[in-house]
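Scroll down for the structure; my scribbles are underneath it.
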Amino acid sequence: MTAALITGLGVVSPAGLDRETHWAETLAGRCVIGPITRFDASGYSSRLAGEVPAFEAREHLPGRLIPQTDRMTQLALLVADAALADREVDVAAMGEFGVGVVTASSAGGFEFGHRELEKLWSRGPEHVSAYQSFAWFYAVNTGQISIRHGTRGPSGVLVTEQAGGLDVLGQARRQVRDELPMMISGGVDGWLCPWGWVAHQASGHLSRRTDPRSAYLPFSVDAAGYVPGEGGALFVVESAESARSRGARPRYGVIAGYAATFDPPPGSGREPSLRRAIEAALDDARIAPTDVDVVFADAVGLPELDAAEARALAAVFGPYGVPVTAPKTMTGRLGAGGAALDVANALLSIRDGVLPPTVNVSEPAPVHELDLVRVTREARVRTALVLARGHGGFNSALVVTA
Amino acid sequence: MTTLELPVLRDILRECAGEDDAAGLQGDILDVPFSDLGYDSLALLETASVIQRRFGARLADDAVTRAETPRALLDLTNETLAGTS
């Protein structure tokens, strides 16, 4: 079976509009969560988010695309351009059906939909944009990336909330093993508009604190929910043969292991299946827990879910058995883009031999028995495990190696 | 009687469907096919919906998608307006 290499990497996050800015801010431990500026959030019970810095879509994208795209699609197109340019991919040279796209999504263009639905009820159906037909569709980022770059290989979208950013890399690896030369994969998400906000507040998982330094404190004794953010990462996933034949520059890493599980129904009394996902991903990578140099945790920031994740980690790695980090404490959780951003962080950790910190958590709850990385730490990183859980019972684990 | 002329159509196209950076909308585009100007059928439906709202002309979807050039769309609109005024 061919190896699935990651040979291109694009990032957009609340910490920056490009990979290296994001990474420098992340290693500096800068928390970029702040009060929402994109709409008036003063009337809502949660008011903080990680917003992507000012971004002028017209400077990056063709004029024809602007009226038909939500902001998160515009960001996805920016990131896809960066990922393909990173290793100078010439899509046309890959064969007509040689490149596919699979992205994770939580709702398509939420903000676009908000605007058009507002027109529908306030002014009538004839005022609703024809582009609403696809701009708020789950698969919109996959479709727009595919059209822009002329990729006609197997494509799709996965909707598993936060877990999606890992599930799409599992899917990309599957396609590459099925002899597809290349996939563009990952997730870029965002829904910072009143409609998106109300929908997500309903989960009861958003922090209601107003101080960015104390709002999102995963694994802490006073964890009180999470702060959402926007952005994500996209990857060029490529077969070893393809990378060799086009003489691609050094890879970022290899998708060495992946597994996904689903939790038992509430009230079953059975343990959540995150542990099973971790064990299956390590088995899939043919490695032992001692081979893992760092875990990028899901880190929801809710006591019960944090405890479940800590128990799973302790069961596999032993108490304090592996460095664990959650750089999302700086950016917030980015929905379908969040786990993709963590994979980007993991690959850059491997590249630079450094572990990004978990900020604002002054003391992890002792009961969790975690070696939480709270200041940027130098370390030789050959193998990283990334975890993600999606609302409703999705668990995914991905192993990347150097 | 109100009529739709090219400069206004040009503004509507730009506003609701964006302008193709390569083809552009400058110059004599009356007989240039919409496809060469970078517009697909969805862009035309969006354009037609703005024309309908602004001018009160009822344009049938299939007639709109048969209008292959700005001249054809202007003619369709203005004939409809003449018929209903």
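The values are calculated or read from the model by the stated rules, or taken from the named source; none is laboratory data. In this text the structure is predicted, and so the values were computed from the model without any measurement. As a convention, Cβ positions derive from the backbone with ideal geometry for all residues, glycine included, and neighbour counts pool all protein chains shown.
A few comments on the model shown:
- Some residue of region A:294-301 being of a type in the set (Phe, Trp, Tyr), buried (at least 24 other Cβ atoms within 10 Å of the Cβ) and either touching a strand residue (DSSP E or B) at 6+ places or on another chain (Cβ under 6 Å) or more than 25 Å from residue A:216 (Cα to Cα) (or both): yes
- Residue in region A:83-101 that is within 14 Å of chain B (Cβ to nearest Cβ) and either among the basic types (Lys, Arg) or closer than 25 Å to residue A:33 by Cα (or both) present: no
- Region A:123-155, residues that are more than 14 Å from chain B (Cβ to nearest Cβ), part of a helix (DSSP H, G or I) and not hydrophobic (A, V, I, L, M, F, W, C): A:141, A:142, A:146, A:149
- So residue A:168, is it assigned to a strand (DSSP E or B) and either buried (at least 23 other Cβ atoms within 10 Å of the Cβ) or in contact with a Gly (Cβ under 7 Å, 6 or more places away or on another chain) (or both): no
- Those residues of region A:311-344 which are over 22 Å from residue A:110 (Cβ atoms) and part of a strand (DSSP E or B), in sequence order: A:323, A:324, A:325
- Counting the residues of region A:50-71 that are closer than 30 Å to residue A:130 by Cβ and either in contact with a Ser or Thr (Cβ under 9 Å, 6 or more places away or on another chain) or not assigned by TED's automatic domain parsing to the domain that holds residue A:210 (or both) gives 7.
The rows are residues; the columns are (1) under 18 Å from the mean Cα position of the chain (by Cα); (2) farther than 25 Å from residue A:8 by Cβ.
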| position | (1), (2) |
| --- | --- |
| A:314 | no, yes |
| A:322 | no, yes |
| A:326 | yes, yes |
| A:334 | yes, no |
| A:338 | yes, no |
| A:349 | yes, no |
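- Scanning region B:1-40 for residues that are more than 9 Å from every other protein chain (Cβ to nearest Cβ), in a helix (DSSP H, G or I) and of a type in the set (D, E, K, R) yields B:10, B:11, B:36.
- The listed residue being in contact (Cβ under 8 Å) with a residue 24 or more places away in the chain, surrounded by fewer than 19 Cβ atoms within 10 Å (Cβ to Cβ), away from every other protein chain (no Cβ under 14 Å) and of a type in the set (Lys, Arg), out of A:19, A:71, A:38: A:38
- A count restricted to region A:41-61 and to residues that are outside any helix (DSSP H, G or I) and within 14 Å of chain B (Cβ to nearest Cβ) stands at 1.
- Here residue B:51 meets the list (1) under 16 Å from residue B:14 (Cα atoms); (2) over 9 Å from the mean Cα position of the chain (by Cα); (3) within 14 Å of another protein chain (Cβ to nearest Cβ) almost entirely, failing just condition (2).
- Of residues in region A:286-330 being in contact (Cβ under 8 Å) with a residue 24 or more places away in the chain and among the hydroxyl-bearing types (Ser, Thr, Tyr), the one farthest from residue A:343 (Cα to Cα): A:320
- Residues (assigned to a loop (DSSP other than H, G, I, E, B) and at pLDDT below 95) located in region A:62-91: A:62, A:87, A:88, A:89, A:90
- If the condition is being touching an Asp or Glu at 6+ places or on another chain (Cβ under 9 Å) and charged (D, E, K, R), then region A:91-113 contributes only A:111.
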